[in-house]
1. For the stretch 257-351, rounded, prolate or oblate, judged on the Cα gyration tensor with a ≥ b ≥ c (square roots of eigenvalues), a/c < 1.5 rounded, else prolate if a/b > b/c?
2. Say the cut-off is 29 Å between C-alpha atoms; which of 285/358; 186/331; 292/394 go over it?
3. Please give the charge dipole size of the stretch 184-258, origin at the Cα centre, charges +1 on K and R Cβ atoms and -1 on D and E Cβ atoms. Round to the nearest 20 debye.
4. How about the stretch 159-253: which chymotrypsin sites (Phe, Trp or Tyr not before Pro) there are in a DSSP loop, with at most 12 other Cβ atoms within 10 Å of their Cβ?
5. Could you rank the peptides 144-156, 386-398, 222-234, 205-217 by their average count of other C-beta atoms within 10 Å per residue, with the highest value first?
6. Which whole-Hz ³J(HN,Hα) couplings does the stretch 188-202 yield from phi under the Karplus relation 6.51 cos²θ - 1.76 cosθ + 1.60, θ = phi - 60°, glycine and proline marked x?
7. Once amide H atoms are placed 1.01 Å from N in the peptide plane, what residues at a sequence separation of 5 or more from residue 23, or on another chain, have their amide H within under 5 Å of its amide H?
8. Suppose every K and R has +1 on its Cβ and every D and E has -1 on its Cβ; what is the size of the dipole of the stretch 215-393 about the Cα centre, in Debye to the nearest 20?
Amino acid sequence: MGCLVSTPKDTGGNRRRPGSIGEVSVYVPGLRIPKPVDFSQSLSGHVSKTLVERLTAMRTRIVVMAGQEALTITRTRRKTTTQHGRSTLADLHQALEDYLPVLLGLVSDGSQLQFKVQFIWVNQEDDAEETAMFNAWYEVLSVLHLMAVLSLSQANLLLLPRTSADFYQPKASEESRRGSIDIFLKAAGYLDCAVRHVLPRLPSELRRNLPVDLAEGVLRALCLQALGQGVDIQLGMAIDSTKATLAVKRRLACEMVKYWQQAQDNLMNLPLSNGWGEKHRHFVKWKYVEAKAAAYYYHGLILDEGNTEKSHGMAVAALQAADEYFEESKKACEVFNAAHPLSRNPPLWGTMKYLSEKIPKDTSSKVRINRDLYSHEKNMGTPPTLPDFALALKPNEYQLPPVDPSWNENVQLGHIGTNEVKRG
């Protein structure tokens, strides 16, 4: 059990650290790419030849597909379908789902087989090149992480705005927005399962030696930001709806603040010193500040509905805070895009397109009205506290699949060594 560091020539040529990752609506971490392992040598005498061959074939397919996808994952304008019309992301995702039930036979009922195979993964993000560990739960964790990253990549592609039919302005379709929420919840579910059901299975020493992109704080942050971006889409849809009240919009904006704040808290003490890690931190900060601009804007509009000088003054303070946070968010966005690997912002649409026009205009108007109404200029001081709402959006519940039935046949054949592997 442990880690090893290899040289670049050992990575098989699939590794590529892009200098530019195109347009970003959703932050997508660099891929963790599996490297070939020798199941036959590790499991000989413990597992039937048929099962060894199946494990080898399934994982080899993933190795090849992930290596190819790593070269194109960040090219946001690339062709995303194979000759059969299926998304390459979907194909790789399906291969991972097919592999999990077979892989889980190695850990069923605490089998010692989980320590027989050395699983090796390359991290596209950092300079450590390879991490190798003799623990099948590490492989399960890496698979779930890759499934989540592929989902975030798919959401990013869905949310990159396209020119509308009337050529008025770029935007994402209603179908794409609704679809992205489902994808965010699935991604959050994979990550939540990894944190709650897989990490606790790893020995404490191994957990300390995990690469930083599999650290609990990073997994939790990715889960929370998936939920935060899901709420962002919900807010944009509420803005477009004539039936959504100010109270509904404020609640969504305030919930979004909490998701991004918690994501930022989870990253705070992690050693994200490489370019991708710092870029991740910049993305969370940008979205956190952006969310506060939206929350203070809607909070200010609701406070302004009061009929007292105090409520009007608090409204102006909230709107001024919204304006300041919006300006700060624009700077944070520039810092994020300038961080390695370079990226660019897609054209404004949805929530921020609307708020970029409304926040400066309404703030200026309310300050002027307040000044005229009370005949003197007041220093509004600190903005009022935002309301505290319970978080409504939750990860989809994802459960590890049952062990593949082929392991039952392996037990019957008696090729399992001293510890029997039973169906989980």
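1. Verdict is prolate for the stretch 257-351.
2. 186/331
3. Computed charge dipole of the stretch 184-258: roughly 240 debye.
4. 167, 168
5. 222-234, 144-156, 205-217, 386-398
6. Values per residue, Gly and Pro as x: 4, x, 4, 5, 5, 4, 4, 6, 8, 10, 10, 3, x, 7, 7 Hz.
7. The answer is 76, 344.
8. In debye, rounded to 20, the stretch 215-393 gives about 200.
FYI, it's all coordinate maths here, none of it is from the lab. Fair warning: this is a prediction, and the values are worked out from it, not measured in the lab. Because the Cβ atoms are built from the backbone with ideal geometry, glycine has one as well, and the counts that use them run over all protein chains shown.
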